[in-house]
Structures are given as structure tokens and as C-alpha cells.
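The values are calculated or read from the model by the stated rules, or taken from the named source; none is laboratory data. In this text the structure is predicted, and so the values were computed from the model without any measurement. Using ideal geometry, Cβ is built from the backbone for each residue, glycine included, and neighbour counts are taken over all protein chains shown.
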Amino acid sequence: MKTKTPTINVSPRLALRLAPVLIVLVALVISIQLSAQADNDHTPMIITFDAPGAGTGPGLGTFPEGLNPRGAIVGFTRDASNVRHGFLRDKSGTFTIFNAPGAGTGPGRGTRAYGLNSAGAITGFYGDASNVFHSYLRDEHGTFTTFNVPGAGTGPGHGTIAYSINPAGTIAGIYLDASGVEHGFVRARDGTITTFDPVGSVGTMTGIFSALNEAGAITGYYTDASNVNHGFVRAAGSSVTTTFDAPGAGTGAGQGTFALVNNPEGAVTGYDVDGSGVFHGFLLDNQDRDSQ
């Protein structure tokens, strides 16, 4: 769990957690795009793109992270100097490149964009010159609001990391304290920030991009003192957090349940790692299908 991941420039523990999550999100973005196009003309098509300024060397390039109902995409680039820059690609293919105020300009620093809502508001985070993380809201007009969660660490690799934004303008993500421990947070549209951890958590992770639904419920996973992972759902505007384990999820270190995405109906999906280290998908479906 303590391996170095220099190209990500986050805590080693966080980098290890994010690797499978990002793989799932890339697959999700591709599947959504193909599905939408198939519904429109029944001719699936993959459009490839590179954001302006993206580097062309190994580990550099264009990293899409969020897709909204209007077909706009957000993400970030790693340029030739391995500096991050946020981008917005609209449905027509036009790019807007942006950098959050205070973003560092050295290798591994810069701006990352993850969440995009239907109004065009973007959230994400940036690493400053000291590689401390700060989060931002970029509204649909391009105006930035930066913020830090109270209790977030101020050393390299610590700070505030926003991932998701819903249509109401609520933002969710995590922060790393001075000891590098992850905790969840939610930021209301008026700027009020609430932090949370499921009972028994020694490290809380919200899912990325689609882990905050229209109702304001947040899903993710947490690690207990035995390094076993469990899923959670935090109800909107509440301190009530429901925890769960997928059937067959392992109970050894590094195993367990990893909830990643929830939808407007409250269904949750993700994966679990069984006792043999095999990955399996799961769906937590809160709908009463017998009544439909």
C-alpha cells in the first residue's frame, strides 16, 4: 500500500486506491458515449481527440474524466513538462483550456478537472507550487471559486480533492489531513462544508465524478483498521451513512467492497475483491422491481 506513484503526485495510498477506479471510469465514459450515439443514429462511432497542449511522450497526453448530459467532456492534460491543465470539450469538439488560480507550474503540479454538471459548472483540484492540493468550482461563465476543507493538511500531497458536482451545485470529494489520512466532505452550493467518515473508517474515499447523485446522496468506500474495504452511502443533507459489503467480498487486507457510482434512483455499482484476490462487479439496487 506504500508504493510510490510519481506521475500522479498524490499520497501513495491514495494513488493505489485510484488506479482501479480510473480504469472503471474510462470504461464508463466510453460506454455512455457509444450508447448515446447508438440511440441517435444506430451507427456506433468512436471519436478520438487530444486536447491542445497535451504532451506526446509516455505517460503524458489527454485524460477525460467527466461527461454531462449535453455531451460536454472535462478532464486534464499532462503537457510536455508533465504539468496538468484542465480542459472542457463541448459537443461540437471545441476545447477550452483552463488553469485554476494558484495552480503550480512545475512537473506534477497544475489543474485537474473531474466533475461537470448539466449547467456546465466544473469541479476538481489543483496542486500548488508546493504540491499541496486545493479544490475549485469553475462556474458556467468561467469564474473560479477556490476552497479548502477545514482540517485539510498543508504539506506536500495533502489538502482538498473535489471529484463530483451535481445539478444543484453540491460538490463532494475527500481531503487528506496532516497525517495523510483521507476523509469525505460535501460542499453545499452556498459554500458550507461538512466532513464525514463512516463509523470504523481509518480512510474514506468517495467515488469519482458519478458518486454524488441529483438527490445529494454520496457513495464511496472506506478502509477499516484491518485494511478491509466496505461500501457506504451517505444520505443527502444527513449524517446517516449506510455501510454494506457485497456478497462474497473478501475479508483480508486489501480486499472487500469498493462502491464507485450511484444514479438518481439510488442504485450503486462498483466492484469487490474476494478472498482469492479476484475482482467482481456488483449492483446495489434500491428499486422495488415487483411494483413496477
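Taking the range 45-76 on its own, how many of its residues are in contact with a Pro (Cβ under 8 Å, 6 or more places away or on another chain) and either without any contact (Cβ under 8 Å) to a residue 40 or more places away in the chain or not assigned by TED's automatic domain parsing to the domain that holds TYR136 (or both)? Walk me through how you get there before you give the answer.
First, the residues of the range 45-76 that are in contact with a Pro (Cβ under 8 Å, 6 or more places away or on another chain): 73-75.
Then drop every residue that is not either without any contact (Cβ under 8 Å) to a residue 40 or more places away in the chain or not assigned by TED's automatic domain parsing to the domain that holds TYR136 (or both), which leaves 75.
Number of matching residues: 1.
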Among the residues of the range 57-100, count how many are exposed (fewer than 13 other Cβ atoms within 10 Å of the Cβ) and either of a type in the set (A, V, I, L, M) or not in a loop (DSSP other than H, G, I, E, B) (or both). 1
Can you tell me which residue among ALA103, ALA129, ALA113 is crowded, with 18+ Cβ neighbours inside 10 Å, in a loop (DSSP other than H, G, I, E, B) and out of contact with any Lys or Arg (no Cβ under 6 Å at 6 or more places or on another chain)? ALA103
All positions within the range 145-169 that are under 19 Å from the mean Cα position of the chain (by Cα) and either surrounded by fewer than 22 Cβ atoms within 10 Å (Cβ to Cβ) or farther than 24 Å from PRO64 by Cβ (or both): THR145, THR146, PHE147, ASN148, VAL149, ALA152, GLY157, HIS158, PRO167, ALA168, GLY169
Criterion first (among the hydroxyl-bearing types (Ser, Thr, Tyr), assigned by TED's automatic domain parsing to the domain that holds GLY86, assigned to a strand (DSSP E or B) and under 17 Å from the mean Cα position of the chain (by Cα)) does TYR222 satisfy it? no
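Which of the residues that make up the range 189-238 are polar (S, T, N, Q), touching a helix residue (DSSP H, G or I) at 6+ places or on another chain (Cβ under 8 Å) and farther than 20 Å from PRO264 by Cα? Break it down into steps so the answer makes sense when it comes.
Within the range 189-238, the first condition is being polar (S, T, N, Q), and the residues that meet it are 192, 194-195, 201, 204, 206, 210, 213, 219, 223, 226-227, 229, 238.
Keeping just the survivors that are touching a helix residue (DSSP H, G or I) at 6+ places or on another chain (Cβ under 8 Å) gives 210.
Result: no residue meets the conditions.
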